[in-house]
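Reviewing the structure listed below.
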Amino acid sequence: MAKVLITIARQFGSGGSYIGKALAGRLGFRYFDREILRQAAGMLGAEENAISGREETLSGFLENVIRPFIVGSPEAAYVPPPMHAVYDRDLFETESKVIRKAGREHDCVIMGRAAWHVLAGQPGLVNVFIHAPRDFRVERIMKLYGLSDREEAGKLVDKSDHDRAKFTQAMTGEDWTDLGNYHLSIDSERAGLQAAQEMILLLVEKVKEKIGREKTAESPC
């Protein structure tokens, strides 16, 4: 039976990571974010912490370094994931293998890593793009990471947007902000994080019906 696969692409500071984890909990789906990096590191024979947290040591191992940021939310005692992850062609292809395997075996929520591209053509696919105005994202990451310098926080947001665009173009040949790649695009400032979850859940139920899956009861968040 076809799996339901929710991929979430998100701008840094938009709350996409928080939304994804909350959705996985509500639906009883597997949540794949750091786990993808962990498995890929094992397949590559690399130390996970070296890949994600010590970029300065990787120049001999990784090429074309790109630094997308991933972020969660201060709500509900949520602990945000590390700010940095590093990608090159070998790591991207290895992570793509992990993503495809996850998609074959589990109903799941997959964060970032151009999973919408990697899993293209799957019948149960739900591709979501979470975005928000720059000022909202700057304010949010200042609170989330305890940053006091607004200008520096703005630079982090801008760099993340630039690097993710560069990464996606290099690895897939596509524009990561092209809404044609997604089934649903949500402004998390306008909608709020809770309403964003509800919108995605509605789409998931429609996809389940389309692929002949029975509806499952949802537990409250």
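The values are calculated or read from the model by the stated rules, or taken from the named source; none is laboratory data. Keep in mind the model is a prediction, meaning the values are calculated, not measured. Here Cβ is always computed from backbone atoms with ideal geometry, including for glycine, and neighbour counts include all displayed protein chains.
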Scan Y145, Y182 and give me the residue that is buried (at least 19 other Cβ atoms within 10 Å of the Cβ) and aromatic (F, W, Y). Y182
Residues of region 122-138 satisfying the condition of being farther than 17 Å from S17 by Cβ and either modelled with pLDDT under 90 or buried (at least 16 other Cβ atoms within 10 Å of the Cβ) (or both): Q122, G124, L125
How do the helices (runs of 4 or more DSSP H) wholly within region 1-81 filter down when requiring 1 or more residues that are modelled with pLDDT of 50 or more and acidic (D, E): which remain? 34-44, 48-53
Filtered residues of region 92-113 (kept if surrounded by 23 or more Cβ atoms within 10 Å (Cβ to Cβ) and under 16 Å from Q169 (Cα atoms)): G112, R113
Scanning region 11-51 for residues that are touching a Lys or Arg at 6+ places or on another chain (Cβ under 9 Å) and charged (D, E, K, R), the one nearest to R164 (Cα to Cα) turns out to be D33
Mind checking which residues of region 195-215 are closer than 15 Å to V128 by Cβ and either hydrophobic (A, V, I, L, M, F, W, C) or touching a residue at least 12 places away in the same chain (Cβ under 8 Å) (or both)? A195, A196, Q197, M199, I200, L201, L202, L203, V204, V207
Among (1) among the acidic types (D, E); (2) more than 30 Å from K143 (Cβ to Cβ); (3) at pLDDT below 55 - the single one D90 does not satisfy: (3)
Can you name the condition, by its number, that M171 falls short on among (1) in contact (Cβ under 8 Å) with a residue 12 or more places away in the chain; (2) within 27 Å of M1 (Cα to Cα)? (2)
